[in-house]
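Read the figures in this text as sums done on the coordinates, not as results from a lab. None of the values given here were measured: they were computed from a predicted structure.
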Amino acid sequence: MSARNLFHIAVRNALQKEDWIITHDPLEIQFEEVRLKIDLGAERLIAAEKADEKIAVEIKSFASNIKSG
């Protein structure tokens, strides 16, 4: 499994564990001539405030595949 997939799945699982609903995987946004592709889109309802929260998540890893020794 690639590092991107490993981190992507871990972040997705963590969001779902905190009651976020994954709405887009990936989330694509277009504004005029600019098109963005973000790793995940998620939302959740806060019962106390009755308001929706929405986030977009871009997952980056700075891990290296270089083996030492």
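A few remarks follow.
- The spread of Cα positions in the stretch 3-57, taken along each principal axis and listed from longest to shortest, comes to 39, 32, 11 Å.
- Note that the stretch 25-32 has calculated 3J(HN,Hα) couplings of 8, x, 9, 10, 10, 10, 10, 6 Hz, one per residue in order, obtained from phi through the Karplus relation 6.51 cos²θ - 1.76 cosθ + 1.60 (θ = phi - 60°); glycine and proline are x.
- In this structure the amide hydrogen of Thr23, modeled in the peptide plane, comes within under 5 Å of the amide hydrogens of Gly41, Ala42, Glu43, none closer than 5 places in sequence on its chain.
- Cross-link partners for Lys17 among the aspartates and glutamates, with Cα-Cα distance under 20 Å and sequence neighbours closer than 8 places in the same chain left out: Asp25, Asp39, Glu43, Asp52, Glu53, Glu58.
- Counting 0.36 nm for each residue step from Val11 to Ile59 and taking away their Cα separation leaves a gain of 16.5 nm.
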